[in-house]
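For reference, the structure discussed in these notes is given below.
The values are calculated or read from the model by the stated rules, or taken from the named source; none is laboratory data. Fair warning: this is a prediction, and the values are worked out from it, not measured in the lab. Heads up, the Cβs are rebuilt from the backbone with ideal geometry, glycines too, and the neighbour counts pull from every protein chain shown.
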Amino acid sequence: MKSIAYILGLTIFVSCRNSPIAEKAVEKATNIEDTAAIVRKANSFYQADDYLNAIKYFSLLIDRDSMNGQYYFRRGYSYAGLIKKKEAIEDYKKAVKYQFKVASANFNIGLNYAYDNDSLALYYFRKCIEAEAGFKEAYVQIQDCKKRMKDQKKEN
(Lines give C-alpha, C1' and ligand atoms only; values in the text may rest on other atoms or scores of the structure.)
Protein backbone atom coordinates (compact mmCIF):
# COMPACT_ATOMS: atom_id res chain seq x y z
CA MET A 1 0.00 0.00 0.00
CA LYS A 2 2.83 2.43 0.85
CA SER A 3 4.53 1.71 -2.46
CA ILE A 4 1.34 2.53 -4.39
CA ALA A 5 1.06 5.88 -2.58
CA TYR A 6 4.73 6.56 -3.27
CA ILE A 7 4.41 5.74 -6.98
CA LEU A 8 1.24 7.82 -7.25
CA GLY A 9 2.93 10.78 -5.54
CA LEU A 10 6.02 10.45 -7.72
CA THR A 11 3.85 10.28 -10.86
CA ILE A 12 1.98 13.45 -9.88
CA PHE A 13 5.24 15.24 -9.06
CA VAL A 14 6.87 14.28 -12.37
CA SER A 15 3.79 15.19 -14.40
CA CYS A 16 3.41 18.58 -12.65
CA ARG A 17 7.01 19.67 -12.42
CA ASN A 18 6.93 21.44 -15.78
CA SER A 19 3.52 23.01 -15.26
CA PRO A 20 3.23 26.79 -15.01
CA ILE A 21 1.91 26.46 -11.45
CA ALA A 22 4.91 24.40 -10.36
CA GLU A 23 7.31 26.79 -12.09
CA LYS A 24 5.71 29.77 -10.34
CA ALA A 25 5.96 27.98 -6.99
CA VAL A 26 9.67 27.32 -7.54
CA GLU A 27 10.21 30.91 -8.69
CA LYS A 28 8.38 32.24 -5.64
CA ALA A 29 10.45 30.06 -3.29
CA THR A 30 13.65 31.27 -4.97
CA ASN A 31 12.45 34.88 -4.65
CA ILE A 32 11.78 34.40 -0.93
CA GLU A 33 15.25 32.93 -0.43
CA ASP A 34 16.81 35.77 -2.46
CA THR A 35 14.86 38.34 -0.46
CA ALA A 36 16.01 36.81 2.83
CA ALA A 37 19.63 37.00 1.65
CA ILE A 38 19.18 40.64 0.62
CA VAL A 39 17.61 41.46 4.00
CA ARG A 40 20.61 39.91 5.78
CA LYS A 41 23.04 41.93 3.64
CA ALA A 42 21.08 45.17 4.03
CA ASN A 43 20.89 44.78 7.81
CA SER A 44 24.56 43.85 8.01
CA PHE A 45 25.60 47.02 6.16
CA TYR A 46 23.11 49.09 8.19
CA GLN A 47 24.48 47.81 11.50
CA ALA A 48 28.05 48.39 10.34
CA ASP A 49 27.22 52.02 9.41
CA ASP A 50 28.11 51.25 5.78
CA TYR A 51 25.36 53.53 4.56
CA LEU A 52 26.11 53.48 0.83
CA ASN A 53 25.75 49.70 0.66
CA ALA A 54 22.80 49.73 3.07
CA ILE A 55 20.98 52.16 0.76
CA LYS A 56 21.73 49.95 -2.22
CA TYR A 57 20.30 46.84 -0.57
CA PHE A 58 17.31 48.54 1.05
CA SER A 59 16.49 50.01 -2.36
CA LEU A 60 16.47 46.49 -3.81
CA LEU A 61 14.14 45.40 -1.03
CA ILE A 62 11.84 48.37 -1.60
CA ASP A 63 11.67 47.39 -5.28
CA ARG A 64 10.40 43.98 -4.12
CA ASP A 65 8.11 45.23 -1.34
CA SER A 66 7.25 48.91 -1.63
CA MET A 67 4.95 48.84 1.40
CA ASN A 68 7.47 47.72 4.02
CA GLY A 69 7.97 50.59 6.44
CA GLN A 70 11.08 49.08 7.98
CA TYR A 71 12.94 49.20 4.67
CA TYR A 72 12.09 52.90 4.27
CA PHE A 73 13.02 53.67 7.87
CA ARG A 74 16.41 52.01 7.60
CA ARG A 75 17.16 53.51 4.22
CA GLY A 76 16.13 56.91 5.60
CA TYR A 77 18.51 56.45 8.51
CA SER A 78 21.25 55.54 6.06
CA TYR A 79 20.57 58.63 3.95
CA ALA A 80 20.69 60.75 7.11
CA GLY A 81 24.04 59.17 7.94
CA LEU A 82 25.31 60.51 4.61
CA ILE A 83 23.76 63.94 5.30
CA LYS A 84 21.22 63.48 2.49
CA LYS A 85 18.42 65.16 4.39
CA LYS A 86 15.85 65.40 1.59
CA GLU A 87 16.06 61.68 0.81
CA ALA A 88 16.06 60.79 4.51
CA ILE A 89 12.93 62.86 5.15
CA GLU A 90 11.12 61.28 2.18
CA ASP A 91 11.89 57.77 3.44
CA TYR A 92 10.92 58.55 7.04
CA LYS A 93 7.60 59.92 5.79
CA LYS A 94 6.98 56.64 3.99
CA ALA A 95 7.87 54.71 7.15
CA VAL A 96 5.17 56.73 8.94
CA LYS A 97 2.74 56.08 6.09
CA TYR A 98 3.29 52.34 6.52
CA GLN A 99 3.06 52.63 10.33
CA PHE A 100 6.64 51.61 11.13
CA LYS A 101 8.16 53.24 14.22
CA VAL A 102 5.93 56.26 13.79
CA ALA A 103 7.30 58.17 16.79
CA SER A 104 10.95 57.53 15.88
CA ALA A 105 10.37 58.33 12.20
CA ASN A 106 8.71 61.66 13.07
CA PHE A 107 11.50 62.41 15.53
CA ASN A 108 14.12 61.72 12.86
CA ILE A 109 12.26 63.93 10.38
CA GLY A 110 12.40 66.68 13.00
CA LEU A 111 16.14 66.15 13.45
CA ASN A 112 16.66 66.48 9.72
CA TYR A 113 14.75 69.78 9.66
CA ALA A 114 16.38 71.15 12.84
CA TYR A 115 18.53 74.27 12.33
CA ASP A 116 17.47 74.55 8.66
CA ASN A 117 13.76 74.92 9.38
CA ASP A 118 12.99 74.88 13.08
CA SER A 119 9.27 75.48 12.48
CA LEU A 120 8.99 72.21 10.60
CA ALA A 121 11.27 70.51 13.10
CA LEU A 122 8.88 71.57 15.89
CA TYR A 123 5.93 70.19 13.93
CA TYR A 124 7.54 66.76 13.60
CA PHE A 125 8.79 66.65 17.19
CA ARG A 126 5.20 67.29 18.25
CA LYS A 127 4.00 64.54 15.90
CA CYS A 128 6.51 62.27 17.61
CA ILE A 129 5.02 63.06 21.01
CA GLU A 130 1.48 62.51 19.66
CA ALA A 131 2.56 59.02 18.65
CA GLU A 132 4.47 58.32 21.87
CA ALA A 133 4.00 60.72 24.78
CA GLY A 134 7.00 59.35 26.67
CA PHE A 135 9.53 60.14 23.93
CA LYS A 136 11.73 62.30 26.20
CA GLU A 137 14.27 63.40 23.60
CA ALA A 138 11.49 65.04 21.56
CA TYR A 139 10.73 67.35 24.48
CA VAL A 140 14.40 68.33 24.66
CA GLN A 141 14.49 69.03 20.93
CA ILE A 142 11.34 71.15 21.16
CA GLN A 143 12.96 73.33 23.81
CA ASP A 144 16.13 73.64 21.71
CA CYS A 145 14.12 74.65 18.62
CA LYS A 146 12.13 77.23 20.57
CA LYS A 147 15.34 78.69 21.97
CA ARG A 148 16.94 78.96 18.52
CA MET A 149 13.80 80.57 17.10
CA LYS A 150 13.66 83.05 19.99
CA ASP A 151 17.36 83.88 19.52
CA GLN A 152 16.81 84.42 15.80
CA LYS A 153 13.99 86.87 16.50
CA LYS A 154 16.27 88.83 18.82
CA GLU A 155 18.89 89.07 16.07
CA ASN A 156 16.37 90.44 13.58
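Of all the criteria given as (1) under 15 Å from the mean Cα position of the chain (by Cα); (2) at pLDDT below 55, the one not satisfied by V14 is (1).
The single residue among K41, K86, K94, K56 that is within 10 Å of the chain's Cα centre (by Cα) and part of a helix (DSSP H, G or I) turns out to be K94. Of all the listed residues (K94, K146), the sole one being of a type outside the set (F, W, Y), farther than 30 Å from F45 by Cα and either touching a Leu at 6+ places or on another chain (Cβ under 9 Å) or surrounded by 20 or more Cβ atoms within 10 Å (Cβ to Cβ) (or both) is K146. Among the residues of the stretch 120-141, is any on the phi > 0 side of the Ramachandran plot and touching a residue at least 24 places away in the same chain (Cβ under 8 Å)? No, the conditions are met nowhere in the stretch 120-141.
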